[in-house]
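Remarks on the structure that follows.
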Amino acid sequence: MDFAYSEREEGFRRELRGWLARNLPEHRKQFPPSDDELTFHPDKSFDASLAWHKRLHAGGWVGIHWPKEFGGRGASLLEQMIFAEEMIGAGGPPGVNMIGLTMVGPAVIRHGTEEQKARWLPPILSADEIWCQGFSEPGAGSDLANLSTHAVLEGNHFVVSGQKVWTSNAHRSHSCILLVRTDPQAPKHKGISCLLVDMKSPGMTVRPLVQITGDAEFNEVFFDQVRVPKANLLGALNGGWDVAITVLMHERMAIGNTVILHQYINRVLELARRWPRDGGVASADPVLRQALAQVYIEGRALRLTGLRYITRQLRGEAPGPEGSVLKLAFTDTYKKMAEAATQILGPAHQLWRGAPGAADGGRWAFQALFALRFGIAGGTTEIQKNIVGERILGLPKG
Ligand SMILES: Cc1cc2nc3c(=O)[nH]c(=O)nc-3n(C[C@H](O)[C@H](O)[C@H](O)COP(=O)(O)OP(=O)(O)OC[C@H]3O[C@@H](n4cnc5c(N)ncnc54)[C@H](O)[C@@H]3O)c2cc1C
């Protein structure tokens with residue numbers, strides 16, 4: 001494989017570097033140095049992140065992998081890699097609307113009608129409409145097809161009743177990609193449909209759930225006779241499982257997207273170089289060096305593993321079960337990265353945001369707890385291992 005970049009690709013890199021140099025310092029002025037703006041937009045930094053997203057969008061840097069006809073940049077895979085490299089290098093934060101950009105958009109492009117593409121795609125890119133994902137329920141997580149929120153077709157509307165849970169960002173979303181049961185008699189996977197729902201619809205109630213980090217990023221969402229236009233059915237009636245698979249495959253690839261992880265690995269290495277230990281700095285400790293080297297090596301391996309998926313994408317195929325491998329490795333390395341920070345800081349790592357003397361504004365205490373999510377969100381570690389065992393290794397079903 002030839003890893004050299006062409007003149008066109010180097011031009012893309014120069015353009016992006018120039019744009020970041022003009023725009024990133026201005027954006028950073030909104031954050032005190034102790035703020036951890038990379039941490040998926042807790043409430044206080046959301047407005048600033050939205051402003052950054054708008055800036056990226058105006059510059060043509062949102063959804064760069066989307067086809068041009070849908071408002072993307074039609075960036076080649078190498079350009080996407082360059083984009084990731086430059087963002088890692090500059091410490092550029094992500095924008096908002098990740099569910100819309102990485103999951104809903106690709107699902108609408110693949111399963112939507114022309115009218116639906118024209119209606120729903122542009123405001124995803126601009127973040128004028130922020131999206132949440134209404135899949136999980138109290139009785140349907142790993143066994144998603146067990147979902148019981150149901151919809152009945154009455155004239156030109158579906159009438160939806162039931163409950164979703166763990167709905168990230170529902171409290172600040174305009175729209176929800178929702179799985180509902182439309183045929184209770186059919187086998188589980190064959191009686192599900194996918195609806196695109198306006199979060200302001202009468203009959204919807206959103207209740208925040210507080211996580212171990214103290215933030216309330218996800219919610220319970222209740223539906224009481226909510227009317228959804230028939231035109232908002234995505235994919236075929238009772239064909240929602242196909243849409244769900246598209247969304248879940250893209251979700252795993254998105255979680256396995258390593259830009260943020262690499263930025264944190266860089267930050268941990270930088271922390272080790274300055275944090276005092278035994279009259280020197282932590283990075284001189286031979287045991288700690290082993291842990292840091294391991295995180296760095298795994299980070300690099302993860303980046304190279306990501307390159308292997310390029311072949312699949314070059315063939316124009318949707319992400320497959322390989323996304324599970326990437327997600328598993330990402331989850332493990334992210335946890336090791338956060339653990340390395342706790343080793344560097346020792347007991348001081350427990351100092352929380354706002355506590356006097358908290359290293360980097362309490363970022364690392366937060367990250368030690370935040371890292372736990374990745375083994376659950378987007379399909380648990382056990383489920384990913386089942387997928388790898390059955391669909392990649394060809395092992396018998398457990
Ligand atoms: C931070 C975060 C954000 C989330 N955001 C969203 C969101 O926006 N929208 C949404 O719809 N959902 C969201 N979720 C929900 C997430 O998808 C589910 O939590 C996940 O799929 C697991 O489902 P569950 O919680 O019902 O656990 P369960 O499915 O009840 O699993 C409980 C335990 O049993 C294990 N288990 C279950 N089945 C098997 C099996 N067959 N083999 C081996 N082990 C098994 C699981 O691995 C787990 O350890 C989010 C979750 C988190 C943590």
Return a yes/no flag: does the range 65-84 have any residue that is in a helix (DSSP H, G or I), buried (at least 18 other Cβ atoms within 10 Å of the Cβ) and within 16 Å of the ligand (Cβ to nearest atom). no
Taking the range 350-398 as the region of interest, how many residues are charged (D, E, K, R) and under 13 Å from Thr213 (Cβ atoms)? 3
Quick one: which of Leu196, Leu261 is buried (at least 21 other Cβ atoms within 10 Å of the Cβ), more than 20 Å from Thr167 (Cβ to Cβ) and under 24 Å from the mean Cα position of the chain (by Cα)? Leu261
Cβ pairs under 9 Å, 6+ apart or interchain, first in the range 97-108 and more than 15 Å from Leu248 (Cβ to Cβ) and free of Cβ contacts under 8 Å to residues at least 24 places away in the same chain, second within 13 Å of the ligand (Cβ to nearest atom) and not hydroxyl-bearing (Ser, Thr, Tyr), ordered by first then second residue, are none
Residue pairs, Cβ under 7 Å, 6 or more apart or interchain, first in the range 165-193 and of a type in the set (Lys, Arg), second assigned to a strand (DSSP E or B). List them. Arg181/His150; Arg181/Ile192
Can you pull out the strands (runs of 3 or more DSSP E) entirely within the range 128-190 that have at least 2 residues that are near the ligand (Cβ under 8 Å from one of its atoms), on the phi > 0 side of the Ramachandran plot and modelled with pLDDT of 95 or more? none
Exception for Leu209 within (1) within 21 Å of the chain's Cα centre (by Cα); (2) surrounded by fewer than 18 Cβ atoms within 10 Å (Cβ to Cβ); (3) under 19 Å from Ala151 (Cα atoms) falls at (3)
Output for the range 166-183, where each listed residue is over 30 Å from Pro122 (Cβ atoms) and in contact with a strand residue (DSSP E or B) (Cβ under 6 Å, 6 or more places away or on another chain): Arg181
Exactly one of Ala359, Ala355 is farther than 28 Å from Met103 by Cα, assigned by TED's automatic domain parsing to the domain that holds Val295, of a type in the set (Gly, Ala, Ser) and crowded, with 17+ Cβ neighbours inside 10 Å, and that residue is Ala359
Looking at the range 226-234, can you tell me whether even one residue there is within 30 Å of Val325 (Cβ to Cβ), outside the structural domain of Arg303 (by TED's automatic domain parsing) and either buried (at least 23 other Cβ atoms within 10 Å of the Cβ) or more than 13 Å from the ligand (Cβ to nearest atom) (or both)? yes
Every residue in the range 259-297 that is touching a residue at least 12 places away in the same chain (Cβ under 8 Å), more than 29 Å from Ile82 (Cα to Cα) and either among the small types (Gly, Ala, Ser) or assigned by TED's automatic domain parsing to the domain that holds Met87 (or both), please. Ala282, Ser283
Just to check your reading of the model, which residue among Ala365, Ala371, Ala341, Ala348 is within 16 Å of the ligand (Cβ to nearest atom), among the aliphatic types (A, V, I, L, M) and touching a helix residue (DSSP H, G or I) at 6+ places or on another chain (Cβ under 7 Å)? Ala371
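Conditions tested, residue by residue: (1) surrounded by fewer than 19 Cβ atoms within 10 Å (Cβ to Cβ); (2) free of Cβ contacts under 8 Å to residues at least 60 places away in the same chain.
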position	(1), (2)
Trp364	no, no
Gln367	no, no
Ala371	no, yes
Phe374	no, no
Gly378	no, no
Glu382	yes, no
Ile387	no, no
Gly394	yes, yes
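The values are calculated or read from the model by the stated rules, or taken from the named source; none is laboratory data. Here the structure is a predicted model, which means the values were calculated and not measured. Cβ sites come from the backbone with ideal geometry, for glycine too, and all protein chains shown count toward neighbours.
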